[in-house]
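S.K.: For reference, the structure I am asking about is given below.
The values are calculated or read from the model by the stated rules, or taken from the named source; none is laboratory data. Quick caveat, the model's predicted, so the values are computed rather than measured. Reconstructed Cβ throughout: ideal geometry from the backbone, glycine too, with neighbour counts over all protein chains shown. For accessibility, only protein heavy atoms count, side chains too; no ligands or nucleic acids. Shrake-Rupley method; radii C 1.70, N 1.55, O 1.52, S 1.80 Å.
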Amino acid sequence: MAAFQKAYAGLAASPKLCLAVRTDPATALAGFDLDARERDRLARAVWQRGMDANCTLYRATRITALTAVVPLTLGVLRPALRPLLDEYWEAHPVHEVRFARETARFIAWLETRPASLPEPADEIIALARRELALDEARLMATED
């Protein structure tokens with residue numbers, strides 16, 4: 001049951017995995033310890049109308065942290081944001097529920113991909129770090 005739940009959560013987190021399961025369920029789900037019944041259920045689930053909504057809700061939840069902490073940075077990244085987020089979420093499938101930590105991890109990840117960022121990459125990273133620092137200062141001020 002745990003493998004089934006993990007696979008189902010993986011489908012909600014990854015539109016790419018959903019598409020792979022639609023194409024070749026056995027290969028796409030091979031990394032999960034599923035019995036035939038579980039694999040068949042997941043292969044049918046990816047075709048249900050609600051699966052697209054699951055993926056959308058998951059992505060909305062993931063981007064909330066970034067939107068709350070680095071909105072200006074996301075605005076600057078907008079032309080390249082979708083592929084950047086897809087790649088980041090694939091590299092980090094489990095999100096950090098603490099907004100500042102998720103954002104710091106995203107910024108560190110961006111720093112490893114300057115060629116993927118609109119020019120000038122160093123200024124985008126600096127903006128993101130300033131926004132993160134401002135958010136952390138705001139949180140500290142409200143704790144007093």
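S.K.: Could you run through region 44-62 and say how many residues are in contact with a Lys or Arg (Cβ under 8 Å, 6 or more places away or on another chain) and either buried (at least 18 other Cβ atoms within 10 Å of the Cβ) or among the aliphatic types (A, V, I, L, M) (or both)? Reasoning before the result, please.
M.R.: Looking only at region 44-62, we keep the residues that are in contact with a Lys or Arg (Cβ under 8 Å, 6 or more places away or on another chain), and these are 46-47.
Filter once more, so that each one left must be either buried (at least 18 other Cβ atoms within 10 Å of the Cβ) or among the aliphatic types (A, V, I, L, M) (or both): 46.
Number satisfying all stated conditions: 1.
S.K.: Within region 102-125, track down each residue that is surrounded by 13 or more Cβ atoms within 10 Å (Cβ to Cβ), over 23 Å from residue 59 (Cβ atoms) and either among the small types (Gly, Ala, Ser) or in contact (Cβ under 8 Å) with a residue 60 or more places away in the chain (or both).
M.R.: 121
S.K.: Which one of these does residue 32 not meet: (1) loosely packed, with under 14 Cβ neighbours inside 10 Å; (2) modelled with pLDDT under 95; (3) over 14 Å from the mean Cα position of the chain (by Cα)?
M.R.: All conditions pass for residue 32, except number (1).
S.K.: Looking at region 22-30, is at least one residue touching a residue at least 12 places away in the same chain (Cβ under 8 Å), small (Gly, Ala, Ser) and closer than 17 Å to residue 91 by Cα?
M.R.: The answer is no; no qualifying residue exists.
S.K.: Kindly list, by first and then second residue, each pair from a residue in region 73-88 that is farther than 15 Å from residue 127 by Cβ and hydroxyl-bearing (Ser, Thr, Tyr) to a residue that is open to solvent by 30 Å² or more (accessible area, probe 1.4 Å) and in a helix (DSSP H, G or I), limited to pairs with Cβ atoms under 9 Å and residues at least 6 apart or on different chains.
M.R.: Between residues of region 73-88 that are farther than 15 Å from residue 127 by Cβ and hydroxyl-bearing (Ser, Thr, Tyr) and residues that are open to solvent by 30 Å² or more (accessible area, probe 1.4 Å) and in a helix (DSSP H, G or I), the close pairs are 88/105.
S.K.: Also, I was wondering about something else. May I ask you to list the residues in region 63-101 that are open to solvent by 20 Å² or more (accessible area, probe 1.4 Å) and closer than 15 Å to residue 133 by Cα?
M.R.: Result: 67, 68, 71, 72, 98, 99, 100, 101.
S.K.: Please specify each residue of region 104-121 satisfying the condition of being assigned to a helix (DSSP H, G or I) and either at pLDDT below 95 or closer than 16 Å to residue 78 by Cα (or both).
M.R.: Once the filter is applied, which keeps residues that are assigned to a helix (DSSP H, G or I) and either at pLDDT below 95 or closer than 16 Å to residue 78 by Cα (or both), region 104-121 yields 106, 107, 110, 114, 115, 116, 121.
S.K.: From the list 53, 137, 91, pick out the single residue that is out of contact with any Leu (no Cβ under 7 Å at 6 or more places or on another chain), among the small types (Gly, Ala, Ser), farther than 24 Å from residue 15 by Cα and free of Cβ contacts under 8 Å to residues at least 40 places away in the same chain. Even if it seems obvious, please write down each step before you answer.
M.R.: Working: 53 fails: farther than 24 Å from residue 15 by Cα; 91 fails: farther than 24 Å from residue 15 by Cα.
After ruling out the rest, the residue left standing is 137.
S.K.: Filter region 126-144 for residues that are open to solvent by 60 Å² or more (accessible area, probe 1.4 Å) and among the hydrophobic types (A, V, I, L, M, F, W, C); which is modelled with the highest pLDDT? Break it down into steps so the answer makes sense when it comes.
M.R.: Taking region 126-144 as the starting set, the residues that turn out to be open to solvent by 60 Å² or more (accessible area, probe 1.4 Å) are 129-130, 134, 136, 138-144.
Add one more test, that the residue is among the hydrophobic types (A, V, I, L, M, F, W, C), and what stays is 134, 139-141.
Numbers: 134: 96, 139: 85, 140: 85, 141: 87.
Only one residue fits best here, namely 134.
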